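Have a look at the structure below, then the notes.
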Amino acid sequence: MSTGHCVEGTPDLSGNNLADFNLGVACSSNSYLDNNGSALQIFRFTSTAQNGTPGSRFDYAYRQLAATIEKGTP
């Protein structure tokens, strides 16, 4: 985000107690001008994690978390 670009990915969770989970991180960004004509960017991050598919495990879990961040130019 510090470069003004989104970085997406699938972090590797192997080797710990989260190895059964699939995790994905998505990012989108849009550029705008504020009321004073200054540039700003809005970033939206969404991470999704799950272990298996519904009905495939007794301990199936699915979680999604989203965050929106505004970055103005100095």
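Each reported figure results from applying straightforward, stated rules to the coordinates on display, with no laboratory input. A quick note: this is a predicted structure, and the numbers were derived from the prediction, not measured. Reconstructed Cβ throughout: ideal geometry from the backbone, glycine too, with neighbour counts over all protein chains shown.
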**OP:** Evaluate the relative contact order of the chain (contact order divided by residue number), counting alpha-carbon pairs under 8 angstrom at least 6 apart; express in whole percent.
**Re:** 26 percent
**OP:** Show me 28-34, 41-47, 55-61 ranked by packing, highest mean number of other Cβ atoms within 10 Å first.
**Re:** 41-47, 28-34, 55-61
